[in-house]
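The values are calculated or read from the model by the stated rules, or taken from the named source; none is laboratory data. Just so we're clear, the structure is a prediction, and the values are computed from it rather than from any experiment. A quick note on method: Cβ atoms are made from the backbone with ideal geometry, for glycine too, and the neighbour counts reach across all protein chains shown.
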Amino acid sequence: MSRLQTDVEHLLDHADWMNLQGQPLEAITIFGEVLDRISSEPPSGLQSKALRGVGLAFRTLGEIRESRLAYEEALEVARACGDLVEEAESLNGLAIDYQLAGDPTGAEALYTEAAGIARDEGLFQLTGIIHQNRGVIASERGDTVAARECYRLALDCFEAILDEKGICWTLNNLGLLSAETGHLIEALDFFDQARDVSNQGGDRALGVRIEINRAHALMEAQEWELAALTLDTAVGVARTSSLPTLVAEGLRYMAQIERLSGQPWNGLRWIHQAIETAQTSPDALLMAETKREAGACWAALGDPTRARKAWEEAASRFERAGAEKDHAVVLELLAELG
């Protein structure tokens with residue numbers, strides 16, 4: 001192994017760690033250094049991996065278009081150098097961006113191609129991720145039977161390789177699916193299992209995410225008080241763990257609870273805190289989601305002018321990020337205002 005390759009691999013590991021720690025801007029800088037160092041080299045798996053890392057960092061920032069461009073370039077490099085593992089990983093990353101942009105058909109086509117390579121190459125973790133992402137698509141289109149089957153297949157893959165994080169996320173998604181279909185007790189059981197696995201791994205961010213989703217399940221059942229208590233605990237842990245994205249998301253759900261339980265003015269109190277916190281988060285979509293809820297609170301208060309202002313800002317942010325489905329939803333809300 002050459003000195004250049006060793007140095008590049010160390011930099012890639014460091015950049016990947018930055019991504020995992022929620023520091024996408026730092027990760028992009030390091031990935032850029034890697035790409036500069038190997039710019040004169042033939043196409044390689046290392047180059048593709050670095051480009052995928054750039055894509056993930058931009059996705060963390062809510063910049064779906066930039067993420068998609070990076071994954072497209074990573075895929076091109078992977079195919080040029082014949083690296084099937086990198087090709088499958090790039091196809092999966094690109095599929096996620098299509099999914100986030102509101103194009104499930106395009107995402108499915110990419111997942112199918114990625115799944116074929118992953119199966120042939122024995123990539124259990126990637127196969128599990130693909131099953132899980134397909135489950136999300138099926139759930140969003142209302143096919144709960146297909147979604148549950150996808151999640152079960154994902155769980156089989158993750159359990160086969162003892163991937164605790166994959167197991168945790170899949171149990172979490174099964175909990176959300178159960179809540180959406182009105183099976184609250186089953187949903188809470190899945191969340192309990194996910195929380196137990198998360199606690200074993202010591203991943204605080206994942207643990208907070210599970211509790212926020214537990215609260216969402218309770219909201220689906222209109223268990224407002226229990227949902228609020230769950231969110232209060234989750235937001236507290238997120239604050240002490242310096243997780244501003246999860247703090248803001250929890251506060252936004254608190255606002256939604258107040259609005260749906262007939263107290264939109266109290267909802268705005270939480271929204272103002274959510275907006276202040278979201279400004280410290282690198283996630284561009286987070287502010288868009290928060291502004292959407294702000295508009296809903298103002299609309300519930302009978303103030304169409306302020307509702308329009310909030311929704312227009314949300315629509316602009318969704319459009320800039322390439323989140324086409326969410327952009328369309330907010331445009332419909334604006335149209336309803338007249």
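Data overview
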| item | result |
| --- | --- |
| Boolean, Ala221 is of a type in the set (Gly, Ala, Ser), more than 28 Å from Gln21 (Cα to Cα), modelled with pLDDT under 95 and outside the structural domain of Asp103 (by TED's automatic domain parsing) | yes |
| Residue check, Leu301 modelled with pLDDT of 95 or more, surrounded by fewer than 21 Cβ atoms within 10 Å (Cβ to Cβ) and among the aliphatic types (A, V, I, L, M) | yes |
| Residue within the stretch 167-181 that is closer than 27 Å to Asp143 by Cβ, surrounded by fewer than 23 Cβ atoms within 10 Å (Cβ to Cβ) and hydroxyl-bearing (Ser, Thr, Tyr) present | yes |
| Meets criteria (without any contact (Cβ under 8 Å) to a residue 12 or more places away in the chain, under 22 Å from the mean Cα position of the chain (by Cα) and part of a helix (DSSP H, G or I)) for Glu72 | no |
| Criterion violated by Ala109 - all others in (1) surrounded by 18 or more Cβ atoms within 10 Å (Cβ to Cβ); (2) under 29 Å from Ser67 (Cα atoms) satisfied | (1) |
| All positions within the stretch 162-204 that are closer than 20 Å to Ala221 by Cα, in contact with a helix residue (DSSP H, G or I) (Cβ under 6 Å, 6 or more places away or on another chain) and β-branched (Val, Ile, Thr) | Thr181 |
| Residue count, the stretch 193-205 (criterion: over 11 Å from Leu176 (Cβ atoms) and surrounded by 20 or more Cβ atoms within 10 Å (Cβ to Cβ)) | 2 |
| The stretch 234-250, residues that are over 14 Å from Met219 (Cβ atoms) and surrounded by 16 or more Cβ atoms within 10 Å (Cβ to Cβ) | Val235, Val237, Ala238, Leu243, Pro244, Thr245, Leu246, Val247, Ala248 |
| Every pair of residues 6+ apart whose Cβ atoms lie under 6 Å, when the first sits in the stretch 11-26 and is within 15 Å of Pro244 (Cα to Cα) while the second is modelled with pLDDT under 90 and part of a helix (DSSP H, G or I) | Pro24/Thr60 |
| Selection within the stretch 165-200 - of a type in the set (A, V, I, L, M) and on the phi > 0 side of the Ramachandran plot | none |
| Complete set of residues in the stretch 89-104 that are under 19 Å from Phe318 (Cα atoms) and acidic (Asp, Glu) | Asp97, Asp103 |
| Those residues of the stretch 12-32 which are in a helix (DSSP H, G or I), crowded, with 17+ Cβ neighbours inside 10 Å and not polar (S, T, N, Q), in sequence order | Leu12, Ala15, Asp16, Met18, Pro24, Ala27, Ile28, Ile30, Phe31 |
| Those residues of the stretch 1-30 which are over 19 Å from Asp83 (Cα atoms) and hydrophobic (A, V, I, L, M, F, W, C), in sequence order | Leu4, Leu11, Ala15, Trp17, Met18, Leu20, Leu25, Ala27, Ile28, Ile30 |
| Test for Gly116: is it part of a helix (DSSP H, G or I), surrounded by fewer than 16 Cβ atoms within 10 Å (Cβ to Cβ) and in contact with a Phe, Trp or Tyr (Cβ under 6 Å, 6 or more places away or on another chain) | no |
| Subset of the stretch 232-251 (residues that are among the aliphatic types (A, V, I, L, M) and within 18 Å of Asp283 (Cβ to Cβ)) | Ala234, Val235, Ala238, Leu243, Leu246, Val247, Ala248, Leu251 |
| Test: residue in the stretch 282-290 that is more than 19 Å from the chain's Cα centre (by Cα) and either under 18 Å from Gly62 (Cβ atoms) or of a type outside the set (Lys, Arg) (or both) | no |
| Selected residue [in a loop (DSSP other than H, G, I, E, B) and under 17 Å from Glu9 (Cα atoms)] from Ser40, Ser48 | Ser40 |
| Residue count for the stretch 75-92, restricted to those that are in contact (Cβ under 8 Å) with a residue 40 or more places away in the chain, of a type outside the set (D, E, K, R) and out of contact with any Asp or Glu (no Cβ under 7 Å at 6 or more places or on another chain) | 2 |
